[in-house]
Amino acid sequence: MPDAQQAISRLGNLSYVSPSVESPWGTYLAQVDRVVPYLGELARWAETLRRPKRALIVDVPIALDNGEIAHFEGYRVQHSLSRGPGKGGVRYHPSVTMEEVMALAAWMTVKNAAVNLPFGGAKGGIRLDPKALSSRELERVTRRYTSEIGFIIVPQQDIPAPDVNTNAQIMAWMMDTYSKNVGVTTTGVVTGKPVSLGGSLGRVKATGRGVFVTGRDAMHRLKIPMPGARIAIQGFGNVGANAAELFSMAGAKIVAVQDHGGSLFNARGLNVRALAAHVLQHGSVAGFPEADELGQEEFWTVEAEVVIPAALEGQINEVRAKLLNAQLVLEAANGPTTPAADDILAARNIAVLPDVICNAGGVIVSYFEWVQDFSSFFWSEDEINLRLDKIITGALDHIWATSTRQRVSLRTGAFVVACERILEARNQRGLYP
């Protein structure tokens, strides 16, 4: 793609990354290029979108249970702080790279602005396979990593949260480590904590709920009836499983599911709760008895009204975009669709609800948790869900109207809304000194 290649070549001044056209950072740059023509006078600040404010690489050494010393590579990137503190998760995965974390931080900047939260964007990660470590080793890794990045994570500067392969327990260790290091309990330094440590009700299911609420709205706008709608989901972790349950309760049929272990199909609809129990026991959807097995690529050919990529970035590429038999893609993962695939889906009249609005439920409730920690006053789960639904549907209304008015895709419409807010803040703050 010419615009993607242009975005890649422009990055020559950043010597520490070498993105490809379909890499996460390359994908993000292409998305920025597509929105610049719609930014008017604010376009003079667009280069700030292409350059992270701060990127940190740390060594994370720990003593393993057998006494050996192991070293892991950790990252924390603050992409933009123009609209407020950085906000974004920490992932543990063997394929984590600096470029990936940069892209995820940048998407967080856009996401927070798209739903008008007072945050910038940040992200973190450690290159490791958490399944290869014991619980004690994971705790040591988490505490050492937290200590290494502790000087840039502050409740008013950068607030981590769970992401791929991290959870409330990881956040509890991070919060405790930071608190010990500064000498005072500081619950607001992370979100996604256990409720007993200042976490918010509704946080665990928030991202999946956001996917459902925005998906339900998009289906209504596109005249896709919810009862009997066939849905295929890639990824059956926290987000995919919770979204599946909500869609199933609303009358849709989850006909296909794929995760790292395999792919399943049942034309009558999978029993979501039974599948979740199977995954909890076996660690994967593989071997679930109430479904037929599919090949990895065969999953993308399943006939369904809605496809939900809820795994990692870059999953819908040019090849898979040509295979999809769907009317709507709901991006529950971050960056799951490459720019080339976006063009193919648009040409095939398959709507894509972009990640920066579709999966924003998690960061919205993280914002609620952050606010509650500062005030030491906590809301009920019903209040949390009502506030979440109001913010995310209001944001989607604005994005959909912008997309229609500008005659652009929903993704570019979301970027127009978000980048105008980001760059206006940058413009008003000016450059110092």
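Rule-based calculations on the coordinates, nothing more; no lab input. Values in this document were obtained by computation on a predicted structure and should not be read as measured data. Ideal geometry is used to build each Cβ from the backbone, glycine not excepted, and the neighbour counts take in all protein chains shown.
Output the peptides 324-332, 357-365 sorted from most to least packed, where packing is the average of other Cβ atoms within 10 Å over each peptide's residues.
Highest-to-lowest ranking by the protection proxy: 357-365, 324-332.
Where does each of 301-310, 226-235 land if you order them by average Cβ count within 10 Å, highest first?
301-310, 226-235
Need the full-extension length gain, Glu41 to Val195, defined as separation in residues times 0.36 nm minus the C-alpha distance. One decimal, nm.
50.9 nm
Can you compute the FRET efficiency between Phe151 and Lys223 using 1/(1 + (r/R0)^6), with r the Cβ-Cβ distance and R0 = 60 Å? Round to the nearest 0.05.
0.70
What number comes out for the charge environment of Lys111, summing +1 per Lys or Arg and -1 per Asp or Glu over other residues with Cβ under 10 Å away?
0
Among the lysines in region 113-235, how many pairs, 8 or more places apart or on different chains, have alpha carbons under 25 Å apart?
8
Based on DSSP, what percent of beta bridges with both residues in region 249-399 are antiparallel, to the nearest 5?
The antiparallel fraction comes to roughly 50 percent.
Of the residues Met219, Met174, Met108, which exhibits the maximal mean-square fluctuation in a Gaussian network model of the chain defined by a 10 Å Cα contact cut-off?
Met219
Within the chain, which complete DSSP H helices have Cα atoms spanning at least 20 Å along the helix axis and a mean Kyte-Doolittle hydropathy of -0.5 or higher?
TM-like helix candidates: 98-114, 168-182, 206-221, 361-375, 381-406, 410-429.
Just the projected area, averaged over all directions, of the convex hull on the alpha carbon atoms of region 313-433: how many nm²?
About 10.4 nm², averaged over all directions.
Quick check for you: which residues of region 72-89 have the amide N under 20 Å from the point 7 Å beyond the Cα of Arg429 toward its beta carbon?
Only 76-89 fall inside the zone, counting backbone N under 20 Å.
Only sites in a loop by DSSP and with at most 15 other Cβ atoms within 10 Å count here; which chymotrypsin sites (Phe, Trp or Tyr not before Pro) in region 340-377 make the cut?
Passing both the DSSP loop test and the Cβ count: Phe377.
Contour minus end-to-end for Val58 and Thr393, with contour as 0.36 nm per residue of separation and end-to-end as the Cα-Cα distance?
Stretched out fully, the Val58 to Thr393 stretch lengthens by 116.7 nm.
Out of all DSSP beta bridges in the chain, what portion is antiparallel? Express it as a percent rounded to 5.
Given both bridge residues lie in the chain, the antiparallel proportion sits at roughly 45 percent.
How much FRET efficiency would the formula 1/(1 + (r/R0)^6) give for Ala286 and Ala401, where r is the Cβ-Cβ distance and R0 is 35 Å, rounded to 0.05?
0.20
Sorted by mean Cβ packing within 10 Å, highest first, what order do the peptides 121-128, 59-66, 384-391 take?
121-128, 384-391, 59-66
Over all distinct alpha-carbon pairs, what is the Kirkwood Rh of region 285-342 in angstrom?
12.1 Å is the Kirkwood radius here.
Which of rounded, prolate, oblate describes the chain, given a ≥ b ≥ c as roots of the alpha-carbon gyration tensor eigenvalues and a/c under 1.5 marking rounded, otherwise prolate only if a/b is larger than b/c?
Rounded, because the longest to shortest axis ratio a/c is under 1.5.
Just to be sure I understand the model, the point goes 7 Å from the Cα along the line to the Cβ. What's the resulting Ala132 to Ser380 distance in nm?
About 4.8 nm separates the two model spin labels.
Report the FRET efficiency, 1/(1 + (r/R0)^6), for Leu323 and Ile69, where r is their Cβ-Cβ distance and R0 is 56 Å, rounded to 0.05.
0.75
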